[in-house]
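Step one of this worksheet: look at the structure below.
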Amino acid sequence: MTIERDATAAGSGQSATETFQKKARENAGQADPARVSAVAKDALAALHDVIRRHQVTYAEYDALKSWLIRVGQDGEWPLFLDVFVEHVVEDVANADRKGAKGSIEGPYYVPGAPEFTGEGTLPMRDSEAGTPFLFQGTVTGLDGTPIEDAVVDFWQADDAGYYSQFAPGLPEWNLRGVCRTAADGTFKIHTIKPAPYMIPHDGACGALIEAAGWHPWRPAHLHLKVSAPGRQLITSQLYFSGGDYVADDVAQAVKPDLVLHPTPVVSGQGEQVTYDFALDPA
Ligand code: MBD
Ligand code: FE
């Protein structure tokens, strides 16, 4: 048993909650009461409709109450919302983009990872397990013009499906890095292929998935935020063709444009893929 396997839902949940609260404090703004009223009213009406349609009982209402209390106790609100809700928010937010497709951010992004320019290797352990993987491409405008010094902020799980800073025993910035593009707009990121991610089964989200008979898996994926001055930042994820759960992501965050088709590295070991990002103007 490795140290990471001692990761608990409550452990990663509390880290994700603290990370989110820090971001929320930084972005705190004043909500428009008319907007709050309109959205909250419709959200509650949708819930009332579900109760009537399914003839929800008091026993079920109490089970829901207990479960909601547990989501908070386990720190799993970021996990629950990002897995089951965020994909629709992302669809709405990015519907008008013409360039690179987006996907959900999820609960495990941390700003401030170590930086390099052009080509580099993500921070990783000497014995980091997993297939070596070269992720490369070009950041351009919508017209294909390369953008120098664009930012590719990259994070991923390890070969066991764990994220640094959210599971114990991993170096702080393991498999997280910021690559600035070279003068020709290119980036080359050396890493390893991640494993599929399993929603923790010992917390509230796991309990819901188990009680409903769903599966708890996300396909293996890379996370990125690509940005440049004067362009819209795009948050996205990339998946691996033929991988488990690509067609059946519990978070419903896979799109055809986001599926990579890596090839074996010609000289050396591992795989590589080229994937370009066209950024919409701001
Ligand atoms: C993840 O790794 C993730 O990307 C999302 C969206 C939800 C849970 C775990
Ligand atoms: Fe993820």
- [ ] Please sort 53-63, 157-167 by packing, taking for each peptide the average over its residues of neighbouring beta carbons within 10 angstrom, highest first.
- [x] 157-167, 53-63
Task: Pairwise centroid distance, computed over Cα atoms, of region 180-258 with region 40-76, Å - done: 28 Å
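Multiplying the sequence separation of ALA10 and TYR58 by 0.36 nm and subtracting their Cα-Cα distance, what value in nm do you get?
Values: separation 48, 0.36 × 48 = 17.28 nm, distance 2.81 nm.
14.5 nm is the gain from fully extending ALA10 to TYR58.
Per DSSP helix of 4 or more residues, -39500 (n - 2.57); summed, then divided by the residues of the chain. What does that give at 222 nm, rounded to the nearest 500? Could you put the intermediate results ahead of the total?
On the way: 6 runs with 82 residues, N = 282.
Calculated mean residue ellipticity at 222 nm is -9500 deg cm²/dmol.
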TODO: Note down the magnitude of the dipole of the chain about its Cα centre, charges +1 on Lys and Arg C-beta and -1 on Asp and Glu C-beta and zero elsewhere, to the nearest 20 debye.
DONE: 480 debye
- [ ] Between ALA43 and THR274, take the C-beta separation as r, use R0 = 30 Å, and let me know the FRET efficiency to the nearest 0.05.
- [x] 0.10
TODO: Beyond 28 Å between alpha-carbons counts as too far, so tell me which of LYS41/LYS101; LYS98/LYS225; LYS22/LYS98; LYS101/LYS188; LYS41/LYS225 fall in that bin.
DONE: LYS41/LYS101; LYS22/LYS98; LYS41/LYS225
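Bear in mind these aren't lab numbers, they're just calculated from the coordinates by the rules spelled out. These numbers come from a predicted model, not from an experiment. Positions of Cβ are generated from backbone atoms using ideal geometry, with glycine treated the same way; all protein chains shown enter the neighbour counts.
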